[in-house]
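The values are calculated or read from the model by the stated rules, or taken from the named source; none is laboratory data. These numbers were taken from a predicted model, which means no experiment stands behind them. Positions of Cβ are generated from backbone atoms using ideal geometry, with glycine treated the same way; all protein chains shown enter the neighbour counts.
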Amino acid sequence: MAASFQSLKPRYRQLWDKMTINPGVVDDADRVARKILANKERYVALERQTGVPWFYIGLVHNRESGMDFDTYLGNGQPLNRRTTIVPKGRGPFPSFEAGAIDAFQVENLIGITDWSLERIAFLLEAFNGFGYLSKGINSPYLWSGSNEYTSGKFVADHVFRADVVDSQLGSMVVLARLATMDADVKARVGAGAGVVTADSGVLGRGSTGDRVRQLQNALAQGGFDVGEIDGRYGPKTTDAVRAFQSARGLPATGIADLATQAALKVAEQPVEPPPQQSEDFLRGLFGALLSKVRPPGTPGTIPAPQPQPDASNVLSTILGALLGRQPPAAPGAPPGPQADASNVLPVILAALMGRQPPAAPGATEPPPKILSGIDKALGGEALAGKKTALSVVAYAVLAILKAVGVVGAATPTGQILTLAVTAFGALGGISKVDRVIQALGAIAVKR
């Protein structure tokens, strides 16, 4: 697409003046800016040869190859072979500098004297191509990571996908952060762009938490699609905010500023807790179990303080018991006896189903049946294990499979198990949990 600097110059100035950097990318932008500064001496040497500003070289180098000095500046391909993508047929080159000068010649950058902010933006976009302009969106090569870009990306030469988000930081975002760190950059382009921060009350891409969830609730109630209400300010929330702003005659920035939040009455929305995850349930269950089965102190003495169980290792401890493996001993303590876990799984399954646990080898009397308080209140053994057995098994299977990464909530298997889990009632679920705790507690004590 033919594009002239004079026609686009006002647009670049307007985008820059209104740009705010998404809070979730500020640290990454600062990291890239510092890396450019670390290579400043090398870029400055190139500026002396070509007249191309050192920070412009760093911005292009970052976008094309993540500042890999073994690549061709024109497209990020290796220096030691001829290029196969635009610009094609260049190289090989003996050094990064030789390749950079060739790229500048291809783009007709050598000899330019106007390196104003608007010209820098124009030449950055020209370096990557004006394809985004023809799609009616702001180029992520410049604006990704700010309120000026939401989605749309060329995933290959001449292959555009509107649903793909460019996760690489835009060059103007990095330039804004460079301007806060380097006096030379600030003197040439002016002050950097604003940053949406958590304590400003403004919400934008990268914001998370209860206030984002309130915003999403308000948008959804107003008929604006935010997708899942998850407390994460992503592309869908940005689009919904922009649509709401357009409908209300507010500046359509996609940033939920204070005026937008007031129009949505965000503060009046209830804060709903995030949905409980199955792995959180298991972690709490096993943590409660281990905290109750510590060995007691010697009678007549003050019990020695026992360390709290590490919840991050609870699942591995239980799985170790199921597999008959010995858990690691505490520092300085002799190893304990190896637990016989051959009947552990049947005991737990019996507790889940409300059935008689298997008798120990050589026992003359069967062990007492494990009943929860709810089982006893509702008739003892009559209803034990018959209220929600299949749904609790589905819950346990789903939790374990998710913990090891076999299924997810969106997979067919995960959806089927989730549907089964949601069918059980509160009383049945609580009674099962109580019986499992008792069963695991008995196993732990025997160990």
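Per-residue answers, yes or no, for (1) assigned to a helix (DSSP H, G or I); (2) surrounded by 14 or more Cβ atoms within 10 Å (Cβ to Cβ); (3) at pLDDT below 90:
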| site | (1), (2), (3) |
| --- | --- |
| Ala176 | yes, yes, no |
| Val185 | yes, yes, no |
| Ala191 | no, no, yes |
| Asp199 | yes, no, yes |
| Gly206 | no, yes, yes |
| Gln214 | yes, yes, no |
| Ala218 | yes, yes, no |
| Asp225 | no, no, no |
| Glu228 | no, no, no |
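For segment 51-67, residues that are surrounded by 20 or more Cβ atoms within 10 Å (Cβ to Cβ) and either among the basic types (Lys, Arg) or assigned to a helix (DSSP H, G or I) (or both) total 11. Considering Tyr149, Tyr141, the condition of being more than 18 Å from Phe55 (Cα to Cα) and either assigned to a helix (DSSP H, G or I) or modelled with pLDDT under 95 (or both) is satisfied by Tyr149 alone.
Yes/no matrix, rows are residues, columns are (1) outside any loop (DSSP other than H, G, I, E, B); (2) on the phi > 0 side of the Ramachandran plot:
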| site | (1), (2) |
| --- | --- |
| Pro87 | no, no |
| Pro92 | no, no |
| Asn108 | no, yes |
| Ile120 | yes, no |
| Phe127 | yes, no |
| Ile137 | no, no |
| Val155 | yes, no |
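Residues that are in contact with an Asp or Glu (Cβ under 9 Å, 6 or more places away or on another chain) and assigned to a helix (DSSP H, G or I) within segment 18-30 comprise just one, Lys18.
Name the residue that is farthest from the chain's Cα centre (by Cα), counting only residues in segment 256-282 that are at pLDDT 55 or above and among the acidic types (Asp, Glu). Of everything passing the filter in segment 256-282, Glu268 is farthest from the chain's Cα centre (by Cα). For residues in segment 12-44 being of a type in the set (Gly, Ala, Ser) and touching a helix residue (DSSP H, G or I) at 6+ places or on another chain (Cβ under 6 Å), which is surrounded by the fewest Cβ atoms within 10 Å (Cβ to Cβ)? By that ranking, first place goes to Ala29. Of all residues in segment 157-174, those being in a loop (DSSP other than H, G, I, E, B), of a type in the set (D, E, K, R) and over 22 Å from Gly74 (Cβ atoms) number 1. Within the set Arg232, Arg211, Arg242, the sole residue that is farther than 16 Å from Gly24 by Cβ and of a type outside the set (Gly, Ala, Ser) turns out to be Arg242.
Would it be correct to say that Glu47 is among the acidic types (Asp, Glu), closer than 27 Å to Ala187 by Cα and either out of contact with any helix residue (DSSP H, G or I) (no Cβ under 8 Å at 6 or more places or on another chain) or touching a residue at least 40 places away in the same chain (Cβ under 8 Å) (or both)? When the stated conditions are applied, Glu47 does not pass them. Would you call Ala98 among the aliphatic types (A, V, I, L, M) and surrounded by fewer than 18 Cβ atoms within 10 Å (Cβ to Cβ)? Here the answer is yes, as Ala98 does meet what is asked. Lys9 passes every criterion in (1) out of contact with any helix residue (DSSP H, G or I) (no Cβ under 8 Å at 6 or more places or on another chain); (2) charged (D, E, K, R); (3) assigned to a helix (DSSP H, G or I) apart from (1). Looking at Ala45, Ala3, Ala33, Ala100, just one residue is under 30 Å from Pro235 (Cβ atoms), of a type in the set (A, V, I, L, M) and not in a loop (DSSP other than H, G, I, E, B), and that residue is Ala33.
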